[in-house]
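This report concerns only the one structure given below.
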Amino acid sequence: MNLREILTSQLLETVPENAKNFVIVDVPDHPNVGDSAIFLGEYEFIRNHYPNATVNIVDYRSYSVGQYYLLERADCIFFHGGGNFGDLWMRHQNIRLAVMEQFSHKILIQFPQSIHFDTKEVLEKTKTVIKKCKSFTFFARDVVSQKFAIDNFECDVKLTPDMAFCMNKIQRKSSKLDIFCLLRVDKERLFDNSENIKNELLANNLSFSIEDWVIESAPIKTKFNRLLCKLIKRFPSLNFLFQPMYERLRLLYAKDNVARGIGLLSKGELVITDRLHAFILSTLLEINNFVFDSRGGKVGNFYNTWSKGFKNSHLVKEVSDIDLESISSNRR
């Protein structure tokens, strides 16, 4: 059974039969390609299996009185997956907990997440909120997160891969370089390997580029999105006008973002990264890749849970673990 089949079978067992109204909470509004890939996988899963369903979205900027009716009428409320369940990114945890508290009587499903808590306070609050939910299912995307959820949360816990595997098929573009390095510049970076990697690539006479994909590439869409979120909050009685525009814009933003990510990763014959979704997308695009772990261990945990059999992907700890000499020899 492939990863997409594991995902869909587990989710279909959990979603209530004959569900027609869905809400996805905490959809991304930022240029991180990984979150956009997850969102497209979530959206396309629902569209492929519930083609006649209504799919609405809510995020931390828009969540307000004007959107409450969407959540109240929902047969199932999903929470966006990823790696922000915990206290590393509190704006996402806060919107998640707020919706869970207010709509604890609904069927709630957390799309696959990795878990990381540094503070006992946030963990205890999360435990309390989950305990009060009538029906909450947590999908963990690695065995470490699965064990943590089972040990700490009073809810159903299931193990599945990342929702990006539910995206419709993607294709790589032609390469221009020997190596493309996509390396984190944010607080989830475990080590700054960029200088060591750069020196090794230069020493092996390989063409390369080192970038990250969290640079905003659609400022007009972003500004319009923020305007719509303000209007949704300020004029709740007019949400029937704003919501469709807001949802179309957010879906278009995600599609553009993933296309940008595919273009970046396709630059190299080989990808070196410490981002989970650069590794996942490279794998889906059949690009050879080497991946370092990130803070919190979500890359390594996911790789060790699902990816040991991926012939094109390799988890490494040191730059010296990447066989650059053979790559250079093959190029010559």
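The values are calculated or read from the model by the stated rules, or taken from the named source; none is laboratory data. What you are looking at is a predicted structure, and each value in this text was computed from that prediction instead of being measured. Cβ: placed from backbone, ideal geometry, glycine included. Neighbour counts: every protein chain shown. Side chains are part of the model used for accessible areas, which takes the heavy atoms of the whole protein and leaves out ligands, DNA and RNA. Shrake-Rupley method; radii C 1.70, N 1.55, O 1.52, S 1.80 Å.
With all protein chains kept in place, the per residue accessible area of the chain amounts to 45 square angstrom at a probe of 1.4 angstrom. Mean sequence separation of contacting Cα pairs (under 8 Å, at least six apart), scaled by the length of region 54-194, corresponds to a relative contact order of 19 percent. Helix 194-203 axis versus longest C-alpha principal axis of the chain: approximately 30°, rounded to the nearest ten. Cross-link partners for Lys132 among the lysines, with Cα-Cα distance under 17 Å and sequence neighbours closer than 8 places in the same chain left out: Lys106. For region 118-255, relative contact order (Cα pairs under 8 Å, six or more residues apart, normalised by length) works out to 15 percent.
DSSP loop (so not H, G, I, E, B), at most 15 other Cβ within 10 Å: list which GluC sites (Glu not before Pro) in region 1-109 pass both filters. Within region 1-109, the qualifying GluC sites (Glu not before Pro) (loop, at most 15 other Cβ atoms within 10 Å) are Glu17. If I take R0 = 41 Å and measure r between the Cβ atoms of Lys20 and Arg172 in this structure, what FRET efficiency does the formula 1/(1 + (r/R0)^6) give, to the nearest 0.05? Using R0 = 41 Å, I get an efficiency of 0.65. Per-residue extension of 0.36 nm, minus the Cα-Cα distance of Phe191 and Ala53, leaves a gain of 45.3 nm for this segment.
Measure nothing but the geometry: give the 0 to 90° angle between the long axis through the Cα atoms of 219-234 and the longest principal axis through the Cα atoms of the chain, rounded to 10°. The angle comes out at about 20 degrees. Placing a pseudo-label 7 Å from each Cα along the Cα-to-Cβ vector at Glu211 and Arg91 gives an inter-label distance of 2.4 nm. Taking 14 Å as the straight-line reach from the Cα of Lys120, the aspartates and glutamates in range (excluding those fewer than 8 positions away in the same chain) are Asp87. Net length available on complete extension from Ala218 to Met245 is 8.1 nm, with 0.36 nm assigned per residue and the Cα-Cα distance removed.
Among the listed values (1) 20.6; (2) 21.2; (3) 20.0, the one matching Kirkwood radius over Cα pairs in Å as calculated from this structure is (1). Between 0 and 90 degrees, the angle of helix 120-131 with respect to the longest Cα principal axis of the chain falls at about 50 degrees. Centre-to-centre, using Cα atoms only, region 1-62 and region 218-238 are separated by 22 Å.
Going down the table (Lys198/Lys317; Lys221/Lys255; Lys127/Lys147; Lys125/Lys158), which pairs top 18 Å between alpha carbons?
In this structure, Lys125/Lys158 lie more than 18 Å apart at Cα.
Taking every C-alpha pair closer than 8 Å and separated by at least 6 residues, the mean separation divided by the residue count of the chain gives a relative contact order of 20 percent.
Each peptide in 273-285, 229-241, 154-166 gets a packing score, the mean of other Cβ atoms within 10 Å over its residues, and the list from highest to lowest is 273-285, 154-166, 229-241.
Of the residues Arg96, Arg47, Arg141, which exhibits the maximal mean-square fluctuation in a Gaussian network model of the chain defined by a 10 Å Cα contact cut-off? Highest fluctuation of the listed residues: Arg47.
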